[in-house]
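**Student:** I am attaching a structure below and will ask some questions about it afterwards.
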Amino acid sequence: MSILNERIQALLQNSGAAKVLATADKQGIPHIVSDPTISVNNEGKIIYLELIETSQSNVNLVNSIWFKRKVAIHLSKGEESYQIKGYPAYSVISGPVFEHYYKLSLERNPEFDLSTVWIIEPDEITDDTYAARKKKEREGHPLITHLDRLAK
Amino acid sequence: MDKYKDVSPFVIIKSDVTRRSFTYTDRALGALDKSKHQYQQRVLIGSNGGENAAVPVSLLLRDGTSIISTPSKTAKNPYVVDQIDGKLYLTDQGEIVEEVHYWYKPDYYDKFTSSGTPMWQVASARPQRLDIDPNSHCHFWNKGNGCKFCNINANSTQSEKECNMSKQLTAQDVYETVKEALKQPGAFTNLKMSSGSILSGAEIFDDEVDMYIEMLQAAGDNFKEKKFPSTIVASAFSEKQLARLYENTGLMTYTSDIEIPNEALFAWICKGKHKEVGYAEWKRRIIRAVDIFGAGNVSSGIVGGCEMAQPHGFTSEDDALKAVLEEAEDFASQGVSIVHCVWVPMHGSAFHNQQNPSLEYYVRLAKGLSDLRKKYLLNVDMDNYRKCGNHPDTDLDRGNYL
């Protein structure tokens, strides 16, 4: 059972949504890539298609699957914004799933040479809009605000 | 694993499964789908399986790491592959260790060449590599001097008898099989050829070089450009032979296995190679291949742990590791990657009754070899986790690309 609700899954399938993958290297140095092709599969797991075998993202994802480190995906469109954190669960480099996405990549761009299909298991979701974040802060930290905002 | 927190747990699992072997439960064997999974494979060393055996040829881990191993009936403490809640897992003493997958069967596998040869007998498939072994007979054994860890001739003789699998391939079969394999988009990233040593010719190995040229040209006729991602695992050829091979084929990288990186043990374990060529000359030829193929495009395999075979091998794991890594560093400093497989004392080899070293030895060996490549700026794309999958040390490199 995926923790991604229908709305988020639909947004992940929307090629018009902004999608950013954040990973970190072994020293913790962050690395982000923007990729509108990030999507979701039938099991509610996030699919990231890595085109470059030796890219920083790929190396970071390898270390994440080895050492159980989370990665983050920022997803937004219009007023909606979410942050999804999860664990790389599978690095698919061969077989029918790989070949399905290999063909899909070729349809997107004949120059694309797919390296790896990453399947990321979502573990936590945060509503990332300003309104949601501010509401949470107000509830948890009512003393943190500017007084002029409370004036009559 | 707690002791080696910076080493991929998948690599540690792979090393241990290979050294201890594994078995399948009936449930796990029931999950094999002969229409989807590989259950027959032509291999040089190991086992080609029986005629009617329907056992998965190998395993794949979640991170794409291959475990190239087959079940052993004589293993004393094997892992067990079981099916639990619809998924396949490696288990150890009843505890789940990791999820595994069976290797998929490529589209060409069930087809036949125009001569009627099953294509799976011409080219076997690793997850991203086409393996073509044109000659499954090693001439060193003819004089009783085969390498003691190897069962190549026992395996090929049994396969010929039980499965009607020819020891030699024809160039036409190779051409047709590669042509068919390339029709499957995304299935392969490399073509590898290997063979038993052929000692004949005006100069030793001349006929082996001729055989590779013929076979590589046949495979190469399927590619648009002359050079294509490829390697051979062959005898140690002279500079003249290497140049001939490079100029006349699409070959891009080269491997010749030093097997045991220690002269005295090489002389004992690889008696034929030592007698006909010698350790120093075998090594020199490998290093000279860098002049032709370039640094990082030449590797040499070792049978990791075989340096502890008795009665002449090291008796201390520390001493063995030190000796192996010192020699590996000498190779690396001259542009050659040393890559290791896990020594499995196989049925049909002279060492079938021996015991391989501890798991910790293999973890330290893999890390040591990977660290050497980092130190000498050698990438091993030619022999990495997806091209070969038989080397725990090159699996580690993918988490640390240069």
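**Student:** Let me spell it out: the conditions are (1) open to solvent by 30 Å² or more (accessible area, probe 1.4 Å); (2) in contact with a helix residue (DSSP H, G or I) (Cβ under 9 Å, 6 or more places away or on another chain); (3) without any contact (Cβ under 8 Å) to a residue 40 or more places away in the chain, and B:Lys322 meets all of them except one. Which number is the exception?
**Tutor:** (2)
**Student:** Can you find, within the stretch B:114-169, the residue that is nearest to B:Asp383 (Cα to Cα) among those that are open to solvent by 30 Å² or more (accessible area, probe 1.4 Å) and of a type in the set (D, E, K, R)?
**Tutor:** If we take residues in the stretch B:114-169 being open to solvent by 30 Å² or more (accessible area, probe 1.4 Å) and of a type in the set (D, E, K, R), then B:Arg126 is nearest to B:Asp383 (Cα to Cα).
**Student:** What are the pairs with Cβ atoms under 9 angstrom where one residue, in the stretch A:47-61, is within 15 Å of A:Ser34 (Cβ to Cβ) and the other, located anywhere, is among the hydrophobic types (A, V, I, L, M, F, W, C) and in a helix (DSSP H, G or I)? Sequence gap at least six, or different chains.
**Tutor:** Listed pairs, sorted by first residue: A:Tyr48/A:Leu61; A:Leu49/A:Leu104; A:Glu50/A:Leu61.
**Student:** Also, I was wondering about something else. Does the stretch A:103-125 hold any residues that are open to solvent by 40 Å² or more (accessible area, probe 1.4 Å) and within 22 Å of A:Ile73 (Cα to Cα), and which are they?
**Tutor:** The answer is A:Leu104, A:Arg108, A:Glu121, A:Asp123, A:Glu124, A:Ile125.
**Student:** Sticking with this structure for a sec: Answer with yes or no whether B:Ser8 is in contact with an Asp or Glu (Cβ under 9 Å, 6 or more places away or on another chain), crowded, with 16+ Cβ neighbours inside 10 Å, within 20 Å of B:Pro392 (Cα to Cα) and of a type in the set (Gly, Ala, Ser). Break it down stepwise before answering.
**Tutor:** Working: in contact with an Asp or Glu (Cβ under 9 Å, 6 or more places away or on another chain): yes; crowded, with 16+ Cβ neighbours inside 10 Å: yes; within 20 Å of B:Pro392 (Cα to Cα): yes; of a type in the set (Gly, Ala, Ser): yes.
It is true that B:Ser8 is in contact with an Asp or Glu (Cβ under 9 Å, 6 or more places away or on another chain), crowded, with 16+ Cβ neighbours inside 10 Å, within 20 Å of B:Pro392 (Cα to Cα) and of a type in the set (Gly, Ala, Ser).
**Student:** Now for a different question. For the stretch B:279-319, enumerate the residues that are open to solvent by 50 Å² or more (accessible area, probe 1.4 Å) and within 23 Å of B:Asn390 (Cα to Cα).
**Tutor:** The answer is B:Ala295, B:Asn297, B:Glu317.
**Student:** So, one more: Please state which of the following conditions A:Val71 fails to meet, knowing it meets all the rest: (1) closer than 14 Å to B:Gly186 by Cβ; (2) open to solvent by less than 10 Å² (accessible area, probe 1.4 Å).
**Tutor:** Condition not satisfied by A:Val71: (1).
**Student:** Hey, does the stretch B:225-248 have a residue that's surrounded by fewer than 16 Cβ atoms within 10 Å (Cβ to Cβ), out of contact with any Leu (no Cβ under 6 Å at 6 or more places or on another chain), assigned to a loop (DSSP other than H, G, I, E, B) and among the acidic types (Asp, Glu)? Lay out the reasoning, then the answer.
**Tutor:** Taking the stretch B:225-248 first, the residues surrounded by fewer than 16 Cβ atoms within 10 Å (Cβ to Cβ) are B:225-227, B:239-240, B:243, B:247.
Keeping just the survivors that are out of contact with any Leu (no Cβ under 6 Å at 6 or more places or on another chain) gives B:225-227, B:239-240, B:243, B:247.
In the following step, the residues that additionally are assigned to a loop (DSSP other than H, G, I, E, B) were identified as B:225-227.
This time we only want the ones that are among the acidic types (Asp, Glu), so: B:225.
Yes, that holds for at least one residue.
**Student:** Looking at (1) under 22 Å from B:Ser114 (Cα atoms); (2) not in a helix (DSSP H, G or I), which one does B:Ala202 not meet, given that it meets all the others?
**Tutor:** (1)
**Student:** Given B:Ala75, B:Ala53, B:Ala31, which one is more than 20 Å from the chain's Cα centre (by Cα), among the small types (Gly, Ala, Ser) and at pLDDT 90 or above? Can you show your working first?
**Tutor:** Details: B:Ala75 fails: at pLDDT 90 or above; B:Ala53 fails: at pLDDT 90 or above.
The conditions single out B:Ala31.
**Student:** Hey, another quick one. Would it be correct to say that B:Ile84 is closer than 21 Å to B:Pro357 by Cβ and of a type outside the set (D, E, K, R)? Can you show your working first?
**Tutor:** Values: closer than 21 Å to B:Pro357 by Cβ: no; of a type outside the set (D, E, K, R): yes.
For B:Ile84, the condition - closer than 21 Å to B:Pro357 by Cβ and of a type outside the set (D, E, K, R) - is not met.
**Student:** While we're on this one: Within the stretch B:14-23, does at least one residue satisfy the condition of being small (Gly, Ala, Ser), closer than 16 Å to B:Leu359 by Cβ, more than 12 Å from chain A (Cβ to nearest Cβ) and within 21 Å of the chain's Cα centre (by Cα)? Break it down stepwise before answering.
**Tutor:** Within the stretch B:14-23, the first condition is being small (Gly, Ala, Ser), and the residues that meet it are B:15, B:21.
Still in the list and also closer than 16 Å to B:Leu359 by Cβ: B:15, B:21.
Subsequent filtering for residues that are more than 12 Å from chain A (Cβ to nearest Cβ) retains B:15, B:21.
Now restrict to residues that are within 21 Å of the chain's Cα centre (by Cα): B:15, B:21.
Looking for residues that are small (Gly, Ala, Ser), closer than 16 Å to B:Leu359 by Cβ, more than 12 Å from chain A (Cβ to nearest Cβ) and within 21 Å of the chain's Cα centre (by Cα), one finds at least one in the stretch B:14-23, hence yes.
**Student:** I'd like the residue in the stretch B:389-400 that is assigned to a loop (DSSP other than H, G, I, E, B) and touching a helix residue (DSSP H, G or I) at 6+ places or on another chain (Cβ under 7 Å) and, out of all such residues, is farthest from B:Arg129 (Cα to Cα). It would help to see each step written out before you state the result.
**Tutor:** From the stretch B:389-400, those assigned to a loop (DSSP other than H, G, I, E, B) are B:389-391, B:398-400; that's our starting set.
Within this subset, residues satisfying the condition of being touching a helix residue (DSSP H, G or I) at 6+ places or on another chain (Cβ under 7 Å) are B:391, B:398-400.
Values: B:His391: 14, B:Arg398: 17, B:Gly399: 20, B:Asn400: 22 Å.
The selected residue is B:Asn400.
**Student:** On the given criteria, is B:Leu61 at pLDDT 85 or above, within 14 Å of chain A (Cβ to nearest Cβ), open to solvent by less than 20 Å² (accessible area, probe 1.4 Å) and closer than 24 Å to A:Val97 by Cα? Write out each step before concluding.
**Tutor:** Numbers: at pLDDT 85 or above: yes; within 14 Å of chain A (Cβ to nearest Cβ): yes; open to solvent by less than 20 Å² (accessible area, probe 1.4 Å): yes; closer than 24 Å to A:Val97 by Cα: yes.
In short, yes.
**Student:** Would you mind stating whether B:Asp206 is under 30 Å from B:Leu325 (Cα atoms) and not hydroxyl-bearing (Ser, Thr, Tyr)?
**Tutor:** On the way: under 30 Å from B:Leu325 (Cα atoms): no; not hydroxyl-bearing (Ser, Thr, Tyr): yes.
Answer is no for this residue.
**Student:** Then there's this: For the stretch B:329-353, what are the residues that are assigned to a loop (DSSP other than H, G, I, E, B), of a type in the set (A, V, I, L, M) and closer than 26 Å to B:Ser66 by Cβ? Give the steps one after another, and end with the answer.
**Tutor:** At the first step, the residues of the stretch B:329-353 found to be assigned to a loop (DSSP other than H, G, I, E, B) are B:333-335, B:343-353.
Within this subset, residues satisfying the condition of being of a type in the set (A, V, I, L, M) are B:344, B:346, B:350.
Result: B:Val344, B:Met346.
**Student:** From A:Asp128, A:Asp148, grab the single residue that is in contact (Cβ under 8 Å) with a residue 40 or more places away in the chain and either out of contact with any helix residue (DSSP H, G or I) (no Cβ under 9 Å at 6 or more places or on another chain) or open to solvent by 30 Å² or more (accessible area, probe 1.4 Å) (or both). Quick ask: steps written out before the conclusion?
**Tutor:** Details: A:Asp148 fails: in contact (Cβ under 8 Å) with a residue 40 or more places away in the chain.
A:Asp128 is the lone residue from the list that is in contact (Cβ under 8 Å) with a residue 40 or more places away in the chain and either out of contact with any helix residue (DSSP H, G or I) (no Cβ under 9 Å at 6 or more places or on another chain) or open to solvent by 30 Å² or more (accessible area, probe 1.4 Å) (or both).
**Student:** Return the residues of the stretch A:53-73 that are hydrophobic (A, V, I, L, M, F, W, C) and over 16 Å from the mean Cα position of the chain (by Cα); say none if nothing qualifies. Break it down into steps so the answer makes sense when it comes.
**Tutor:** Taking the stretch A:53-73 as the starting set, the residues that turn out to be hydrophobic (A, V, I, L, M, F, W, C) are A:59, A:61-62, A:65-67, A:71-73.
Those that are hydrophobic (A, V, I, L, M, F, W, C) and over 16 Å from the mean Cα position of the chain (by Cα): A:Val59, A:Trp66, A:Phe67.
**Student:** Another one. Give the residues of the stretch B:64-110 that are open to solvent by 60 Å² or more (accessible area, probe 1.4 Å), free of Cβ contacts under 8 Å to residues at least 24 places away in the same chain and either within 13 Å of chain A (Cβ to nearest Cβ) or closer than 25 Å to A:Trp66 by Cα (or both), sorted by residue number.
**Tutor:** Hits for the stretch B:64-110 are B:Asp85, B:Gly86, B:Lys87, B:Gln93, B:Gly94, B:Glu95, B:Ile96.
The values are calculated or read from the model by the stated rules, or taken from the named source; none is laboratory data. Note that the coordinates shown come from a computational prediction; the quantities given were computed from them, not determined experimentally. So basically every Cβ, Gly included, is an ideal-geometry build from the backbone, and we count neighbours across all protein chains shown. The area values use the complete protein model at the heavy-atom level, side chains included, leaving out ligands, DNA and RNA. Shrake-Rupley method; radii C 1.70, N 1.55, O 1.52, S 1.80 Å.
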